[in-house]
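J.: Please see the structure below; I have some questions.
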Amino acid sequence: MQIILLVLLFILLGITLWLWSDRQRHSGAKAGQRVNEKTHALEEKATMLSTIYMSIPDLVFSKDVNGLYTGCNPSFEKFAGCTEAELIGKTDIEIFKIDESMAELFIQADQKVLRDRNIEEIEELITYPDGTQRMMETLKTPMMQDGKVIGMMGISRDITRRKAAEEGAQ
């Protein structure tokens, strides 16, 4: 989440600077009004994106190119058994000490996404801190900036019920 907010802040800063320079060229009340309108619109957009990120029931997370967590939503906090602040800067091995084999699988999939620059779709059995196991469908995608991989993000959806229904139908 911090990366998203940081990107939004840079966008807001860039547009504000552009609008400020535009104002200098076309001084007057109209330019100032446009700056205020654009700034307000960007603030609304940032608030909306943050609300979506925080409200989505799927697990959402991001990592840098070294596999260190850079953010997550509340659903991922529940899965990881720690807050976003506690998660940031840590690896899967540090977070998922209870199940190192699960952490290793996460790391391998992340490295493939970062290396190949492709979206990976994975079905995986994960274990929550309370021991509950859930079948998850995870999409991992590289995050790109100016043609360079700067990290990866993932979204995991609980498909336990769907898998059980499919197996029951067979």
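The values are calculated or read from the model by the stated rules, or taken from the named source; none is laboratory data. Only a predicted model underlies this, so the values are computations on that prediction, with no experimental measurement involved. Neighbour counts are summed over all protein chains in view; Cβ atoms, including those assigned to glycine, are modelled from backbone coordinates with ideal geometry. Accessible surface areas use protein heavy atoms only, side chains included; no ligands, DNA or RNA. Shrake-Rupley method; radii C 1.70, N 1.55, O 1.52, S 1.80 Å.
J.: Could you please state how large a percent of the accessible area of the range 28-170 is carbon and sulfur, counting protein chains only and using a 1.4 Å probe?
T.: Carbon with sulfur: 53 percent of the solvent-accessible area.
J.: Could you work out how much longer the chain between THR91 and LYS148 gets when fully extended? Use 0.36 nm per residue separation minus the Cα distance between them, nm to one decimal. Write down the numbers at each step before the final one.
T.: Numbers: separation 57, 0.36 × 57 = 20.52 nm, distance 2.16 nm.
Difference between extended and current length: 18.4 nm.
J.: Within the range 85-99, list the residues whose amide N lies under 19 Å from a label point set 7 Å along Cα→Cβ of THR127.
T.: Backbone N within reach: 91-99.
J.: Same structure, new question: Give me, ordered by chain and number, the residues 5 or more places off ILE88 or on other chains with an amide H under 5 Å from its own placed amide H.
T.: So ILE88 has HN proximity to no qualifying residue.
J.: Please give the length that would be gained between SER101 and THR39 if that part of the chain were fully extended, namely 0.36 nm times their separation in residues minus their C-alpha to C-alpha distance (nm, one decimal).
T.: Roughly 17.6 nm would be gained on extension.
J.: Take the alpha carbon gyration tensor of the range 41-158, find the square roots of its eigenvalues, order them as a ≥ b ≥ c, and report rounded if a/c is under 1.5; if not, report prolate when a/b exceeds b/c, else oblate.
T.: Numbers: a/c = 1.65, a/b = 1.19, b/c = 1.39.
Oblate.
J.: Relative to the present Cα-Cα distance, how much length would full extension add between ILE159 and ASN118 at 0.36 nm per residue of separation?
T.: Using 0.36 nm per residue and subtracting the Cα-Cα distance, I get 12.5 nm.
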